[in-house]
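**Q** Before I ask anything, here is the structure I am working with.
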Amino acid sequence: MADSQSRATTVQWNIVDDMGPLANATRREAITIDQQLIDDFQRDGVCYVPGAFVEWVEPLRAGLGRVMSAPDDYAFTSDSAEPGEPGRFFDTYCNWQRVPEFSTFALTSTAASLAAQCMQSSTAQFFHEHAFAKESGTQKATPWHHDLPYYCIDGHQTASVYVALDDTPAETAVRFLAGSHRDGNTYVPRRFRTGSDYDYDDPTMVSAPTFEGDDDDARVIARELSAGDAIVFDFRTLHGTTDAPVTTRRRAFSTRWLGDDIRYIERLGVTSPPLDLDLAPGDRMPETLFPTLWSTS
Ligand SMILES: O=C(O)CCC(=O)C(=O)O
């Protein structure tokens, strides 16, 4: 998650009033994954699907490249390496309506089906996309965090489908704390730029732990990735990286999916994205903005 205040202005993210017609006009292929992967996801909060999106690597790189070269033309873009720090740590989200490669991925790839299976949900509703790039030389860690408390939603059936867009050694790949999705804690969102917690005045949240030099911690899962590999993880699973130097550019594209039990919640601080929705706690997220792209019923 980015620090949503790190760029003062942002273009409007929702430029299509109703995504329903596009969702209805497109078809998504199914993927059937081994029960073992679903068991991994349910137990650890994360599973790995090698080679799942190889054909999407080039288009997604192209889309991300345009956003990176003109960030002011896109919504919610951040550079989290401070001036003077080596490399570049860029992220951007909610641009799927502006970047055809991103919307085509959401609307036609197997990601919706993959997410639904991992969540064990009869539906997968698209929430948004989030893309990341660390350039060679970057030493900025991704701070340990989990995603759910950044969002105005709550529930148990969530999945991010994270596609590696470059071959990435385990040392600099995103890593996960196995089982943390079930630890019962809600962790205060953290700024990517400073690693500091948001100023949330929510007594139900606690500060996330960090895992420095975590290679000896058996609970930490970190794997080498090839471009096109997918990681699927629960919004509640703690994840982050060390500050090991990135030796070759590593980019990733993540889509966020909501399952059957997900409902709107009001948070006691700014959310990411900072949505301005006319909803009451307990409402379903509106289909016009967040279309259901997978349904087994
Ligand atoms: O790739 C990374 O370092 C961070 C990824 C992340 O935080 C996410 O997808 O939620």
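**Q** When only residues in segment 232-250 that are of a type in the set (A, V, I, L, M, F, W, C) and under 16 Å from LYS134 (Cβ atoms) count, which is modelled with the lowest pLDDT? Spell out how you get there, then give the answer.
**A** Taking segment 232-250 as the starting set, the residues that turn out to be of a type in the set (A, V, I, L, M, F, W, C) are 232-233, 235, 238, 244, 246.
Subsequent filtering for residues that are under 16 Å from LYS134 (Cβ atoms) retains 244, 246.
Working: ALA244: 94, VAL246: 97.
Filtering segment 232-250 for residues that are of a type in the set (A, V, I, L, M, F, W, C) and under 16 Å from LYS134 (Cβ atoms), the one modelled with the lowest pLDDT comes out as ALA244.
**Q** Still on this structure, please answer the following. Collect the residues in segment 7-39 that are out of contact with any helix residue (DSSP H, G or I) (no Cβ under 9 Å at 6 or more places or on another chain), surrounded by 10 or more Cβ atoms within 10 Å (Cβ to Cβ) and of a type in the set (D, E, K, R), keeping them in residue-number order.
**A** ASP18, ASP34, ASP39, listed by residue number.
**Q** Ok, one more. When you check GLY155 against the structure, is it modelled with pLDDT under 95 and either of a type in the set (A, V, I, L, M, F, W, C) or more than 16 Å from the ligand (Cβ to nearest atom) (or both), yes or no? Write out each step before concluding.
**A** Working: modelled with pLDDT under 95: no; either of a type in the set (A, V, I, L, M, F, W, C) or more than 16 Å from the ligand (Cβ to nearest atom) (or both): yes.
For GLY155, the condition - modelled with pLDDT under 95 and either of a type in the set (A, V, I, L, M, F, W, C) or more than 16 Å from the ligand (Cβ to nearest atom) (or both) - is not met.
**Q** Do we have ALA244 as surrounded by fewer than 18 Cβ atoms within 10 Å (Cβ to Cβ) and away from the ligand (no atom under 14 Å from the Cβ) here? Break it down stepwise before answering.
**A** On the way: surrounded by fewer than 18 Cβ atoms within 10 Å (Cβ to Cβ): yes; away from the ligand (no atom under 14 Å from the Cβ): no.
For ALA244, the condition - surrounded by fewer than 18 Cβ atoms within 10 Å (Cβ to Cβ) and away from the ligand (no atom under 14 Å from the Cβ) - is not met.
**Q** In segment 276-288, is there at least one residue being assigned to a strand (DSSP E or B) and touching a residue at least 24 places away in the same chain (Cβ under 8 Å)?
**A** Let us first name the residues in segment 276-288 that are assigned to a strand (DSSP E or B), namely none.
There is no residue in segment 276-288 that is assigned to a strand (DSSP E or B) and touching a residue at least 24 places away in the same chain (Cβ under 8 Å).
**Q** OK, next. What number of residues within segment 49-79 are over 30 Å from VAL270 (Cα atoms) and among the small types (Gly, Ala, Ser)?
**A** Going residue by residue through segment 49-79, those that are over 30 Å from VAL270 (Cα atoms) are 49-59, 62.
Right, trim to among the small types (Gly, Ala, Ser) and you get 51-52, 62.
Of the residues in segment 49-79, 3 are over 30 Å from VAL270 (Cα atoms) and among the small types (Gly, Ala, Ser).
**Q** May I ask you to list the residues in segment 126-152 that are farther than 15 Å from THR271 by Cβ, within 11 Å of the ligand (Cβ to nearest atom) and assigned to a loop (DSSP other than H, G, I, E, B)? Walk me through how you get there before you give the answer.
**A** First pass over segment 126-152, keeping only residues farther than 15 Å from THR271 by Cβ: 126, 129, 131-144.
Now restrict to residues that are within 11 Å of the ligand (Cβ to nearest atom): 129, 131-134, 138, 140-144.
Across segment 126-152, the qualifying residues are THR138, LYS140, ALA141, THR142, PRO143, TRP144.
**Q** If you check PHE192, PHE253, which single one turns out to be near the ligand (Cβ under 10 Å from one of its atoms), within 26 Å of ILE38 (Cα to Cα) and within 17 Å of the chain's Cα centre (by Cα)? Please lay out each step first, then the result.
**A** Working: PHE192 fails: within 26 Å of ILE38 (Cα to Cα).
After applying the criteria, what remains is PHE253.
**Q** Show me the helices (runs of 4 or more DSSP H) entirely contained within segment 1-107 in which 2 or more residues are among the polar types (S, T, N, Q). Spell out how you get there, then give the answer.
**A** Numbers: elements: 20-25, 35-44, 57-69.
Qualifying helices (runs of 4 or more DSSP H): 35-44.
**Q** Against the definition (more than 19 Å from TYR48 (Cα to Cα), of a type outside the set (A, V, I, L, M) and over 15 Å from the mean Cα position of the chain (by Cα)), how does GLY228 come out, yes or no? Please lay out each step first, then the result.
**A** Working: more than 19 Å from TYR48 (Cα to Cα): no; of a type outside the set (A, V, I, L, M): yes; over 15 Å from the mean Cα position of the chain (by Cα): yes.
The answer is no for GLY228.
**Q** Another question, if that's okay. Can you confirm whether segment 204-213 contains a residue that is crowded, with 16+ Cβ neighbours inside 10 Å, more than 14 Å from the ligand (Cβ to nearest atom) and touching a residue at least 40 places away in the same chain (Cβ under 8 Å)? Break it down into steps so the answer makes sense when it comes.
**A** Of the residues in segment 204-213, the ones crowded, with 16+ Cβ neighbours inside 10 Å are 205, 208, 211.
Keeping just the survivors that are more than 14 Å from the ligand (Cβ to nearest atom) gives 205.
Filter once more, keeping what is touching a residue at least 40 places away in the same chain (Cβ under 8 Å): 205.
Scanning segment 204-213 turns up at least one residue that is crowded, with 16+ Cβ neighbours inside 10 Å, more than 14 Å from the ligand (Cβ to nearest atom) and touching a residue at least 40 places away in the same chain (Cβ under 8 Å).
**Q** Pull up segment 40-62, narrow it to residues that are free of Cβ contacts under 8 Å to residues at least 40 places away in the same chain and of a type outside the set (A, V, I, L, M, F, W, C), then point me to the one that is farthest from PRO273 (Cα to Cα). If you could, list the steps in order and put the result at the bottom.
**A** Going through segment 40-62, the residues free of Cβ contacts under 8 Å to residues at least 40 places away in the same chain turn out to be 40, 58, 62.
If we keep only those that are of a type outside the set (A, V, I, L, M, F, W, C) as well, we get 40, 58.
On the way: ASP40: 29, GLU58: 26 Å.
It comes out as ASP40.
**Q** May I ask you to verify whether VAL161 is out of contact with any strand residue (DSSP E or B) (no Cβ under 6 Å at 6 or more places or on another chain) and either at pLDDT below 95 or over 17 Å from LEU275 (Cβ atoms) (or both)?
**A** Details: out of contact with any strand residue (DSSP E or B) (no Cβ under 6 Å at 6 or more places or on another chain): no; either at pLDDT below 95 or over 17 Å from LEU275 (Cβ atoms) (or both): yes.
It is false that VAL161 is out of contact with any strand residue (DSSP E or B) (no Cβ under 6 Å at 6 or more places or on another chain) and either at pLDDT below 95 or over 17 Å from LEU275 (Cβ atoms) (or both).
**Q** Do you know which residues across segment 158-172 are part of a loop (DSSP other than H, G, I, E, B) and near the ligand (Cβ under 10 Å from one of its atoms)? Walk me through it before giving the result.
**A** Within segment 158-172, the subset part of a loop (DSSP other than H, G, I, E, B) is 165-167, 169-172.
Of everything in segment 158-172, just one residue is part of a loop (DSSP other than H, G, I, E, B) and near the ligand (Cβ under 10 Å from one of its atoms), namely THR172.
**Q** Now for a different question. Can you report the number of residues in segment 260-272 which are surrounded by fewer than 22 Cβ atoms within 10 Å (Cβ to Cβ), part of a loop (DSSP other than H, G, I, E, B) and either of a type outside the set (Lys, Arg) or modelled with pLDDT of 95 or more (or both)? Walk me through how you get there before you give the answer.
**A** Quick first cut of segment 260-272, residues surrounded by fewer than 22 Cβ atoms within 10 Å (Cβ to Cβ) only: 260-261, 263-271.
With the extra rule that they be part of a loop (DSSP other than H, G, I, E, B), the set shrinks to 260-261, 265-271.
Of the ones still in play, those that are also either of a type outside the set (Lys, Arg) or modelled with pLDDT of 95 or more (or both) are 260-261, 265-266, 268-271.
Of the residues in segment 260-272, 8 are surrounded by fewer than 22 Cβ atoms within 10 Å (Cβ to Cβ), part of a loop (DSSP other than H, G, I, E, B) and either of a type outside the set (Lys, Arg) or modelled with pLDDT of 95 or more (or both).
**Q** Being more than 19 Å from the chain's Cα centre (by Cα) and either under 14 Å from GLU171 (Cβ atoms) or in a helix (DSSP H, G or I) (or both) is the filter here, so list the residues in segment 209-225 that pass it.
**A** PHE211, GLU212, GLY213, ASP214, ASP215, ASP216
**Q** Got a sec? Which of ARG236, ARG223 is surrounded by fewer than 19 Cβ atoms within 10 Å (Cβ to Cβ) and within 16 Å of the ligand (Cβ to nearest atom)? Don't jump to the end; show me each part of the working.
**A** On the way: ARG236 fails: surrounded by fewer than 19 Cβ atoms within 10 Å (Cβ to Cβ).
Selected residue: ARG223, the only one of ARG236, ARG223 that is surrounded by fewer than 19 Cβ atoms within 10 Å (Cβ to Cβ) and within 16 Å of the ligand (Cβ to nearest atom).
**Q** Moving to a separate point now. I'm told LEU107 meets every condition in (1) within 16 Å of the ligand (Cβ to nearest atom); (2) farther than 19 Å from ARG236 by Cα except one. Can you identify the failing condition by its number?
**A** All conditions pass for LEU107, except number (1).
The values are calculated or read from the model by the stated rules, or taken from the named source; none is laboratory data. These figures come from a predicted structure and were not determined experimentally. Here Cβ is always computed from backbone atoms with ideal geometry, including for glycine, and neighbour counts include all displayed protein chains.
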